1. If a/c stays under 1.5 just call it rounded; otherwise compare a/b with b/c (prolate if a/b is bigger, oblate if not). Do that for the stretch 158-260, with a ≥ b ≥ c from the square roots of the Cα gyration tensor eigenvalues.
2. Given points 7 Å out from each Cα along the Cα-Cβ axis, report the residue 73 to residue 158 separation in nanometres with one decimal.
3. Can you tell me how much longer the chain between residue 90 and residue 216 gets when fully stretched, taken as 0.36 nm per residue apart minus their C-alpha distance, in nm with one decimal?
């Protein structure tokens, strides 16, 4: 094509190459648009991940850390665990389950609010939204369920064992001072009321559990099922301790049959 001056115009002139950058005039806006689309997609993915994590943490699973040694040797202090929050609403609690629950009343000593730097507190709060932190772990307890509503729990027989509904338990998971120690430092004979649980720590001689409160604060020993947050599934941290948490069905085999 020839203009009035006689010069010939071509598309190559419109897409002139910048000798400095090596880019054509149309490359720059196209690349800018591509970057904007990329950033938009990244932002969408991040928001979606946060929303999904929040929903999972709220309704399905969440993380807790272990604040004490009451569950040794099953759980160590500062272990992090994953808790299934579908229990007990959708998945019934069973004998032997390890459960996280809110303080049923004076089981926990009052603790002062720790002095945490503002930035650390904000980060911890944000991580807790997606279940990667558990700032309220000190407000919860974790024990093993021994007795369900209606269960008759007795300790100890001539062999130092505890029985549930007349079935002696061979508890292979407990931590005792010596091999010939009774499985509980105190004796008891209780029937678990409806809507409640009898729970005990695996570290029997260093656990403020149902047996402890039965002996020291009668009337406060049973945990309302409504206080249960969920069932502990696995140890998630540290990595070398990663393992599924067993409820030992063989130990509790037969206890569902109530004695008369």
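1. rounded
2. Those two pseudo-labels are separated by 3.0 nm.
3. Computed gain between residue 90 and residue 216 is 42.0 nm.
Quick note: the coordinates plus some simple rules give every number you see, no bench work behind them. Since the structure is predicted, the reported quantities are computational estimates derived from the model, not experimental observations. With ideal geometry, Cβ positions are generated from the backbone for all residues, glycine too; neighbour counts draw on all protein chains shown.
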